[in-house]
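The values are calculated or read from the model by the stated rules, or taken from the named source; none is laboratory data. Values in this document were obtained by computation on a predicted structure and should not be read as measured data. Here Cβ is always computed from backbone atoms with ideal geometry, including for glycine, and neighbour counts include all displayed protein chains. Keep in mind that these areas ignore ligands, DNA and RNA; they rest on the heavy atoms of the full protein, side chains included. Shrake-Rupley method; radii C 1.70, N 1.55, O 1.52, S 1.80 Å.
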Amino acid sequence: MTGKIVINEDFCKGCALCVNACPQKLLKTAKHVSKTSYHPAEFVDAEGKCTGCGLCALICPDVAIQVFRDRKAGGEKK
Amino acid sequence: MEVVYERPKSLFPVATHYCPGCGHGIIHRLVAEVIDELEIREKTVAVAPVGCAVLLYNYLDVDCYEAAHGRAPAIATGCKRVHPDLVVFTYQGDGDFAAIGTAEAIHVAARGEKITTVFVNNAIYGMTAGQMAPTTLIGQKSTTTPAGRKPETAGFPIRMCEIVATLPGAAYVARVSVSSPKNVVQAKKAIRKAFETQMRGLGYSLVEVLSQCPTNWHMTPFESVKWVDEKMALYYPLGEFKVPKEE
């Protein structure tokens, strides 16, 4: 696993733009309802495919996504 | 693991009031990131518009004015002339900048005021629930053009960037969009250039951002970003219309 993301469910409004942006298709709309009555985005990465590319965070209108990446995995810090 | 992306410091840690999928959230974040990168948070003044972004001061951690409808450039002019060392920018929608505030919008560029405008164009009046805006595309449905905008009765959409770019006072004019991660990166570059143009004292800078309005376009957020790419970007071509000469 070289990357992961954390979604803040208090901010996420379930617009699903990140679901379409993820190149690995690791995001989906959750079945449960958040405190703000939306179905938030859910990060499911059982096989550790996330590279921490951050495309989901770039398109997120609610700044609900925090991206982590392994230092060894390379890639410059923005 | 180290954090490679998190919330910019100039953005208050609160949820926004915008609809799901709205482009305003992305543009707020880009402005906040640019303010953080240029380290100008303590000397930035924002002028909030009337429209969906009217509560801008609840989200951006900088000093803010609230202007009367369309008059943000006039207030920004006053602020910049009294405090030339501050960085002053206005954040305006299409109803604010291209409809009621057209006179201010044109003349602030004609005077070459050293301020920046972030102009959010979503081709509709968002806050008042989807009436036709001056930037509404031909054939686009809104509550006041239920059969689609017809040029015989409602005229043609205004391309503000092209108009402002003809004025010598404007130093940097660009149109960007936030419909995909690639476009978001380009939008951030343009906003950064606009702020740098102001800080170098070269003149007026304008960044028009094509934004999606899923609620009033009656689309899902994903359909709306596709509509920006397929329909809006045809009439409003993306790109830089005026760039200051490198010294």
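Would you pick out the residues in the range B:46-76 that are modelled with pLDDT of 95 or more and of a type in the set (S, T, N, Q)?
Those that are modelled with pLDDT of 95 or more and of a type in the set (S, T, N, Q): none in the range B:46-76.
Go through the range B:85-124 residue by residue and tally those that are hydroxyl-bearing (Ser, Thr, Tyr) and either touching a Phe, Trp or Tyr at 6+ places or on another chain (Cβ under 7 Å) or touching a residue at least 60 places away in the same chain (Cβ under 8 Å) (or both).
3
Within the range B:87-105, identify whether any single residue is out of contact with any helix residue (DSSP H, G or I) (no Cβ under 8 Å at 6 or more places or on another chain) and more than 26 Å from residue B:162 (Cβ to Cβ), and answer yes or no.
Within the range B:87-105, not a single residue is out of contact with any helix residue (DSSP H, G or I) (no Cβ under 8 Å at 6 or more places or on another chain) and more than 26 Å from residue B:162 (Cβ to Cβ).
Exactly one of (1) more than 9 Å from chain A (Cβ to nearest Cβ); (2) part of a helix (DSSP H, G or I); (3) open to solvent by less than 40 Å² (accessible area, probe 1.4 Å); (4) not polar (S, T, N, Q) is unmet by residue B:36. Its number?
(3)
Looking only at the range B:1-59, which residues are farther than 14 Å from residue A:57 by Cα, small (Gly, Ala, Ser) and touching a Cys at 6+ places or on another chain (Cβ under 6 Å)?
B:46, B:48
Of a type in the set (A, V, I, L, M, F, W, C), assigned to a helix (DSSP H, G or I) and at the interface with chain A (Cβ under 7 Å from one of its Cβ atoms): does that describe residue B:26? Steps first, please.
Values: of a type in the set (A, V, I, L, M, F, W, C): yes; assigned to a helix (DSSP H, G or I): yes; at the interface with chain A (Cβ under 7 Å from one of its Cβ atoms): yes.
It is true that residue B:26 is of a type in the set (A, V, I, L, M, F, W, C), assigned to a helix (DSSP H, G or I) and at the interface with chain A (Cβ under 7 Å from one of its Cβ atoms).
Just give me the residues in the range A:44-64 being touching a Phe, Trp or Tyr at 6+ places or on another chain (Cβ under 9 Å), open to solvent by less than 10 Å² (accessible area, probe 1.4 Å) and closer than 16 Å to residue A:11 by Cβ, in sequence order.
Answer for the range A:44-64, where residues must be touching a Phe, Trp or Tyr at 6+ places or on another chain (Cβ under 9 Å), open to solvent by less than 10 Å² (accessible area, probe 1.4 Å) and closer than 16 Å to residue A:11 by Cβ: A:57, A:61, A:64.
Would you check which residues across the range B:211-247 are within 14 Å of chain A (Cβ to nearest Cβ), buried (at least 19 other Cβ atoms within 10 Å of the Cβ) and among the hydrophobic types (A, V, I, L, M, F, W, C) and list them?
Matches in the range B:211-247: B:213, B:217, B:225, B:227, B:228.
Condition first: under 16 Å from residue B:94 (Cα atoms) and in contact with a Ser or Thr (Cβ under 9 Å, 6 or more places away or on another chain). Can you find one or more residues in the range B:187-195 that meet it?
Checked against the condition, which is being under 16 Å from residue B:94 (Cα atoms) and in contact with a Ser or Thr (Cβ under 9 Å, 6 or more places away or on another chain), the range B:187-195 yields no hits at all.
Anything in the range B:162-202 that is away from chain A (no Cβ under 14 Å), surrounded by fewer than 22 Cβ atoms within 10 Å (Cβ to Cβ) and of a type in the set (Ser, Thr, Tyr)? List them, or say none.
B:166
I'd like the full set of residues that are more than 22 Å from residue B:166 (Cβ to Cβ) and among the aliphatic types (A, V, I, L, M), limited to the range B:192-223.
Hits for the range B:192-223 are B:199, B:219.
Check off (1) open to solvent by less than 30 Å² (accessible area, probe 1.4 Å); (2) over 22 Å from residue B:20 (Cβ atoms); (3) more than 10 Å from chain B (Cβ to nearest Cβ) for residue A:3 and give me the number that stays unchecked.
So residue A:3 meets the others, but not (3).
Looking at the range B:1-23, which of the residues that are exposed (fewer than 15 other Cβ atoms within 10 Å of the Cβ) and charged (D, E, K, R) is farthest from the other protein chains (Cβ to nearest Cβ)?
B:9
What's the number of the only condition in (1) in a helix (DSSP H, G or I); (2) more than 13 Å from chain A (Cβ to nearest Cβ) that residue B:45 fails to meet?
Going through (1) in a helix (DSSP H, G or I); (2) more than 13 Å from chain A (Cβ to nearest Cβ) one by one, residue B:45 breaks only (1).
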